[in-house]
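Shown next, in structure tokens, is the structure this report addresses.
The values are calculated or read from the model by the stated rules, or taken from the named source; none is laboratory data. It should be emphasised that the depicted structure is a prediction, and the values quoted were computed from it without experimental measurement. All Cβ positions, glycine included, derive from the backbone under ideal geometry; neighbour counts span all protein chains shown.
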Amino acid sequence: MTGEYRHGIDAKGRLFVPAKLREDLGTVFYLTIAPDNCLSAYSSESWDVFLEKFKTLPQTKKQKIRALFAFAAKCELDSQGRIVVPQKLRDYAGLTKDVSIIGVGDHAEIWDAAAWAKKEAEEVTPENIAAAMDELEF
């Protein structure tokens with residue numbers, strides 16, 4: 001998944017999912033919390049892979065990531081290409097009105113637009129891009 005998309009979240013917690021991301025996520029996908037105070041969206045297939053990996057972990061490691069499952073929500077697109085983001089997830093990510101949705105390879109992230117703008121300004125520098133390209137051996 002790639003790209004950045006800006007949309008609004010309405011008072012009922014409905015968020016439009018861009019068509020390009022709907023192709024990758026499918027009509028049913030999973031939302032959960034992410035480390036950067038944003039949300040991660042996984043297709044059903046990606047979620048199943050994640051779940052299989054989780055099943056193989058020792059109990060002590062399972063306990064460290066159980067919040068990912070406690071906060072997770074199965075989302076279904078409505079006829080207008082929207083999902084309802086549960087209040088608990090909106091609160092975690094600080095989603096109130098303006099939202100940025102970004103593609104991150106195998107998943108998408110949903111950010112408060114101001115928080116994403118700040119993160120983007122901090123991270124998107126020539127030095128960080130060069131370091132990332134080095135890390136990937138490009």
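Numbers below:
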{"quantity": "So Leu68, is it closer than 19 Å to Gly105 by Cβ and in contact with an Asp or Glu (Cβ under 8 Å, 6 or more places away or on another chain)", "calculated": "no"}
{"quantity": "Any chance Asp112 is surrounded by 11 or more Cβ atoms within 10 Å (Cβ to Cβ), within 16 Å of the chain's Cα centre (by Cα) and not hydrophobic (A, V, I, L, M, F, W, C)", "calculated": "yes"}
{"quantity": "Enumeration of residues in segment 1-12 that are in contact (Cβ under 8 Å) with a residue 24 or more places away in the chain, out of contact with any Leu (no Cβ under 8 Å at 6 or more places or on another chain) and in a loop (DSSP other than H, G, I, E, B)", "calculated": "Thr2, Lys12"}
{"quantity": "Filter result for Ala34 (within 27 Å of Glu120 (Cα to Cα), out of contact with any Lys or Arg (no Cβ under 8 Å at 6 or more places or on another chain), surrounded by fewer than 12 Cβ atoms within 10 Å (Cβ to Cβ) and small (Gly, Ala, Ser))", "calculated": "no"}
{"quantity": "So Glu45, is it over 23 Å from Ala117 (Cβ atoms) and touching a residue at least 40 places away in the same chain (Cβ under 8 Å)", "calculated": "no"}
{"quantity": "Residue in segment 14-26 that is touching a residue at least 60 places away in the same chain (Cβ under 8 Å), assigned to a strand (DSSP E or B) and surrounded by fewer than 19 Cβ atoms within 10 Å (Cβ to Cβ) present", "calculated": "yes"}
{"quantity": "Residues within segment 109-133 that are of a type in the set (A, V, I, L, M, F, W, C) and without any contact (Cβ under 8 Å) to a residue 24 or more places away in the chain, tallied", "calculated": "9"}
{"quantity": "Subset of segment 92-110 [in contact with a helix residue (DSSP H, G or I) (Cβ under 8 Å, 6 or more places away or on another chain), within 11 Å of Thr2 (Cβ to Cβ) and aliphatic (A, V, I, L, M)]", "calculated": "Ile102, Ala108"}
{"quantity": "Residue, modelled with the lowest pLDDT, within segment 21-45, restricted to residues that are out of contact with any strand residue (DSSP E or B) (no Cβ under 8 Å at 6 or more places or on another chain) and farther than 24 Å from Gly94 by Cα", "calculated": "Glu23"}
